[in-house]
Amino acid sequence: MEESKPILAAVVIQCIYAGYFLLTKLAFDVGMDTFVFVFYRQAAATLFLAPIAIFFERKTAPRLSFSTFIKIFVLSLFGITMSLDVVGIGLKYTSASLGAATSNTLPVITFFLAVLFRMEKVKIRTSPGMMKMTGVTLCMGGVAIIAFYRGPLFQLWHHHPLSLQSHNYNYIPPTNTWIKGVFLLLLSQITWSSWLVLQGRVLKIYPSKLVLTTVQCCMSTIQSFVTAVVFARDPAQWRLGLNLRLVSVAYCGVVVTGVTFYMQAWVIEKKGPVFLAMTTPLIMLITLIISTFFLGETITLGSVLGGVVLVGGLYFVLWGKTKEEERANLDVEKVCAAETKGDGEKKACQQSKAQLQ
């Protein structure tokens, strides 16, 4: 039973993210401005996280220096505010299922940026290195297929009880709009990956994760408010009632930002980041099932084929990463298995194990 808990938690996490793509797309389809949506979402996340951060880390959190504050501000601007604004426009131009499909590029782009910033090494002549490079190539091919090839259109289910009468889910955007949306979704994954990579450096100087997340959400709220004021000047766009807009904002702000933060940290602690990354394709599968069978969304053959290629690329990178870690663990075990009579050798062995973990 204990072994199945991380698996169940990982599935729940991906279900939550699938709900994010669906509800966000629905909110945009009923006319909610994308920039206003991001502001309300980040405001809800801040209001949810602030009391928790104050309660749990008010005594342990280090002092926030001015230089660290500037770094967090820039990190929030490009990694959160810009990413969410861009993905919002991308979803408006495309579909929920396509947004979920491009989420499979996140681990691959993160790996590529880690190599670029010299936080990760790739030995191209080894089999793990070849697997990683193959995965990156497949992901690029998957994005190209989604963007430039549509193929036949499919509507698997004509009865769609959750769809809204005011919106036509059979509508397929023009080719130029579709291509723009695909590359905007890809750009959002690049900015989000940059945030993941650079946040590791910020955590070294400010290790309080909960406070850091709350501060970033707060800064992102201010940044997204300024952006929304510039681009959404119609007061009607800012109104929230007991409707789909409010549900979407509350879900994305509280459930996606708040709940999944703890669940992801728990799964990574129990099973590691690779295990969580391997469940990412479930987002695409769940979103595709709900959007086609319950919303009656029309899908293209190109989206399906591109999504499959993206998943293949993801698993090649993860496979290469796993094999690389297995080799590194084997090398450390060989060193530790040798006769280590001196304290220096024992200490070196312990340090090697700590670095791998």
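The values are calculated or read from the model by the stated rules, or taken from the named source; none is laboratory data. What you see is a predicted model; the values in this text were computed from it and never measured. Here the Cβ positions follow ideal geometry from the backbone for every residue, glycine too, while neighbour counts run over all protein chains shown. Remember, those area values only see protein heavy atoms, side chains included, never the ligands or the DNA or RNA. Shrake-Rupley method; radii C 1.70, N 1.55, O 1.52, S 1.80 Å.
Round to the nearest 0.05 the FRET efficiency obtained for Ala328 and Ile7 when R0 = 30 Å and r is the Cβ-Cβ distance. That gives a FRET efficiency of 0.70. The stretch between Leu47 and Ile205 holds 54.4 nm of extra length on full extension. This uses 0.36 nm per residue minus the Cα-Cα distance. The angle between the Cα long axis of helix 82-93 and the longest principal axis of the Cα atoms of the chain comes to about 40 degrees, rounded to the nearest 10. Within the listed set Phe66, Phe294, Phe78, the residue fluctuating most in the Gaussian network model of the chain (springs between alpha-carbon atoms under 10 angstrom) is Phe66. Taking each DSSP H run with n ≥ 4 as -39500 (n - 2.57) and averaging over every residue of the chain yields -24000 deg cm²/dmol at 222 nm.
If you bin all the Cα-Cα distances of the chain at 20 Å, starting from zero, the percentages per bin are 27, 57, 15, 1. Computed from backbone phi with θ = phi - 60° and the Karplus coefficients 6.51, -1.76 and 1.60, the 3J(HN,Hα) list for region 247-263 is 4, 5, 4, 5, 5, 5, x, 8, 6, 5, 6, x, 5, 5, 4, 6, 5 Hz; x is used for glycine and proline. Computed extension length for Trp238-Phe78: 55.2 nm, one decimal, from 0.36 nm per residue of separation with the Cα-Cα distance subtracted.
Taking all protein chains as they are arranged and a probe of 1.4 Å, the heavy atoms of Asp85 leave approximately 10 Å² accessible to solvent. Measuring nothing but how far apart in sequence close Cα pairs (under 8 Å, 6+ apart) lie, relative to its length, the chain scores a relative contact order of 39 percent.
Based on Cα contacts under 8 Å between residues 6+ apart, region 1-122 shows a relative contact order of 39 percent.
Each Lys or Arg adds one and each Asp or Glu subtracts one; over the other residues with Cβ under 10 Å from the Cβ of Ser291, this totals 0. Legend: calculated FRET efficiency, Tyr149 to Leu285, from the Cβ-Cβ distance at R0 = 22 Å, rounded to 0.05, equals 0.60.
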